[in-house]
Amino acid sequence: MKRIVNASCKLNWATRACAVMVLCAATAIALPAQTFTTIHSFDGTDGKYPYAGLIQANNGDGYGTTENGGTSTNCIGGCGTVFKITPGGTLKTLYSFCAQSGCPDGKYPYAGLFQDANGDFYGTTARFGASGYGTVFKITPTALITLHSFDRTDGEEPLAGLIQGADGNFYGTTLYGGVDNGLGTVFKMTPSGTLTTLHTFCEQGAQQPCADGQYPKAGLVQAANGNFYGTTVTGGANSGGTVFQITSSGTLTTLYAFCAQSGCTDGKLPYAGLVQVANGDFYGTTSSGGANGGGTVFRITPGGALTTLYSFCSQTGCADGSDPEAGLIQATDGNFYGTTSAGGANGAGTVFEIASGGTMTILHSFTGPNPGHTAGLVQATNGDFYGTTWDGGTDDSGSVFNLSVGLSPFVKPLPPSGKVGAAVRILGSNLTGATSVSFNGAAAVFTEVSNSEITTTVPAGASSGEIQVVTPSGTLSSSVPFRVLP
C-alpha cells in the first residue's frame, strides 16, 4: 500500500534567493539492453512489496525489507519482513513483523537497513509499536529488539532508514508528527534507544506555506563537514519541497526551495535523499516538475546553488522514464545510477545512468506488468547493481534483480571514515589470499575474516584517499576515498 502525500501547490507567502541554472543541452541515449536478471520473485509468504532497496552486508549477501507479506497471521496480507538474499538469488526470511497480537514489534517496514560494526542490522517500521506510530528496531542473528516506539509527539511514520553518524549515534526522519502536531521530524537516537527530536517541520501555528519544509520522506546523508543534509517532499517558500542542512545539535538551514521557477522547471516533490561527491556537491532527484513534468536530476552545492542536469520525459512517450522516486548512487566509474517508477519503453519504469554533466543513458526498461515504485540501486563489490521492484515478478508481489554493465569489482570500507587506530571492515569479493592492505599508500596490518571481509585499523601516517587490497587475482581499490579524521 503506497501512501500519497498531499502535494498540491499553495500560495507563495515567502521568498528565498537561490541560484538556479538549467542545462538545456542534456540528452538521453538509449543503449541495447544490458545484462538484466530477475533473481527472485516474492510470493507473499516470503514477503510482498519490497519498497526499499538492498544493502550488501559483511558476508557478501544482500539484506532488505518488504512492506507486506510474511508469515504473521495478525494482519491481512502480512505485515512485512526482513530478508537476506545471496547474489545468486537464494532468499531467506529472517523475520516476519507483527509476530504478536497488537504488533508491538511494528509493521510495514518501508525503509531499508544498515549494518553496524558488530554485524547487527537496524531499521524502522512505519506503523505500530507500543503507541501505533512506528518503531526503530535492531535485528541480531537470534532476535528482533524494538529500540524505540514513536508516539507522534516525537515523530510518526518513519519511512526512511537510519544512518550512523561519525559520533556513533543514529540519525533519521519521520514523515509526520513532532511537537505541536508538526509535519515531520529529524531525530537523533543513541544505540540503546534514547531519542532526541532535533527539528520539527512546520510546527502548528507556523506561517503557511511552511518555509522550513514539510514531510521529510527520505533519509539523511552526513557530509564531509559533519553536518547532515536531506529533503522534504513539500513545503518551502514555493510549496515544491526543499533541500536542507541540519547540524547534530538541531540547527536547520533551508538551502533550496523547489518550484522557484515558473512551471517548476527546476523540479518539485523530492521524494529521495541526496548523495555527496568528492568535491562536496550533492546530487539528487525530484519526482515531478522539470521542463516536461516528469521529474529531474539535479546538482546542488553546499551553499544552495542548484543546477538541473536532466528533465525526464524528454523523449516521446517518456521513453527516457519519468517519476524518479528513488535516489542516486555514484558507481565506481564516477557516473550516477538510478531508477524511475514510470515511463520507459513499456511504461513501467527504467534503470538509467547519468554523467555528472547531464548525459542520460537508459540501461533497462521494465516490462511490468504494472508501473510502480522502483527502489534505489546498490552496487555490490562484484561490480554489478542490485535492486528491487515494488510490484511485478512472477506473482506481482515484487522482485529482486541484478544488472551487470561490465564494471569491475572493488572494495568497500565500513565505516567510510575514521581516525588513526580506528577499526575498519573492508568488504569485497574473492579476498582470500590477500597479501596487502594500504590506506592511500600507508600499509596496514589486517586480518582475513572470510572471502568477503577483511578487518584492519587505520595505520599511523595514513591520509585521506583510496584503500587498496592486493589479492592473487589483482589489486582492488575502494569505491570512494576513505576519509582520515583528525
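Scanning residues 5 or more positions from Gly240 or on other chains, those with amide H under 5 Å from its amide H are Gly235, Phe258, with H placed 1.01 Å from N in the peptide plane. Rolling a 1.4 Å probe over the protein heavy atoms leaves Asp391 with an accessible area of roughly 20 Å². In the assembled protein chains, Tyr229 presents an accessible area of approximately 0 Å² (probe radius 1.4 Å).
Where the only charges are on Cβ atoms (+1 Lys, Arg; -1 Asp, Glu), what is the dipole of the chain about its Cα centre, to the nearest 20 debye? If you can, show how the numbers build up before the last one.
Working: 19 positive and 29 negative charges, 91 e Å.
Taking the Cα centre of the chain as origin, the dipole is about 440 debye.
Computed over segment 220-262, the P(r) curve from all C-alpha pair distances, binned at 5 Å from the origin, holds 6, 25, 27, 20, 13, 7, 2, 0 percent per bin. For segment 85-194, the Kirkwood hydrodynamic radius from C-alpha pairs, put into Stokes-Einstein at 10 °C and a viscosity of 1.306 mPa s, yields a diffusion coefficient of 112 µm² per second.
Mind checking which of Cys313, Pro141, Asn227 is farthest towards the positive end of the chain's charge dipole, using Cβ charges of +1 (Lys, Arg) and -1 (Asp, Glu) about the Cα centre? It is Asn227. In this structure Ser479 has an accessible area near 40 Å², from a 1.4 Å probe over the protein heavy atoms. Peptides 133-140, 165-172 ranked from most to least packed give 133-140, 165-172, packing being the mean of other C-beta atoms within 10 angstrom over each peptide's residues.
Tell me, what is the percent relative contact order of segment 32-172, built from C-alpha pairs under 8 Å that lie six or more residues apart?
Taking the mean separation of contacting Cα pairs over the length of segment 32-172, I get 16 percent.
Could you state, as a whole-number percent, how many of the C-alpha pairs of the chain are farther apart than 43 Å? It would help to have the intermediate numbers written out before the result.
Values: 10637 of 117855 pairs.
That fraction is 9 percent.
In the chain, what % of DSSP beta bridges are antiparallel (nearest 5)? Please list the in-between numbers first.
Working: 118 of 132 bridges.
Roughly 90 percent of the beta bridges in the chain run antiparallel, per DSSP.
Seen from a random direction on average, the alpha-carbon convex hull of segment 341-463 projects onto 10.1 square nanometres. Projecting the Cα positions of Gly60, Ser322, Leu269 onto the charge dipole of the chain (unit charges on Cβ atoms of Lys, Arg, Asp and Glu, taken about the Cα centre) puts Leu269 furthest along the positive direction. Taking Cα centre as origin and charging only the Cβ of basic (Lys, Arg, +1) and acidic (Asp, Glu, -1) residues, the dipole magnitude of segment 315-451 rounds to 640 debye. Of Asp43, Asp396, the residue with the largest accessible area leads and the full order is Asp43, Asp396 (1.4 Å probe).
Between the listed residues Gly368, Ala130, Tyr49, the Cα displaced farthest toward the positive end of the dipole of the chain, a dipole computed from Cβ unit charges relative to the Cα centre, is found at Ala130. Applied to segment 475-486, the Karplus parametrisation 6.51 cos²θ - 1.76 cosθ + 1.60 on θ = phi - 60° returns per-residue 3J(HN,Hα) values of 9, 9, 10, 6, 6, 9, x, 7, 9, 8, 7, x Hz, with x for Gly and Pro.
Residue-wise HN-Hα couplings along segment 160-174, as the Karplus relation 6.51 cos²θ - 1.76 cosθ + 1.60 with θ = phi - 60° gives them from phi, are 9, x, 9, 10, 9, x, 4, 7, x, 7, 9, 10, x, 9, 10 Hz; Gly and Pro carry x. Rounded to the nearest 20 debye, the dipole magnitude of segment 264-339 is 120 debye, with +1 charges on Lys and Arg beta carbons, -1 on Asp and Glu beta carbons, and the Cα centre as origin.
For segment 284-327 versus segment 154-227, the inter-centroid distance based on Cα atoms is 25 Å.
The values are calculated or read from the model by the stated rules, or taken from the named source; none is laboratory data. Values in this document were obtained by computation on a predicted structure and should not be read as measured data. Using ideal geometry, Cβ is built from the backbone for each residue, glycine included, and neighbour counts are taken over all protein chains shown. Accessible surface is based on the protein model in full, side chains and every heavy atom, while ligands, DNA and RNA are left aside. Shrake-Rupley method; radii C 1.70, N 1.55, O 1.52, S 1.80 Å.
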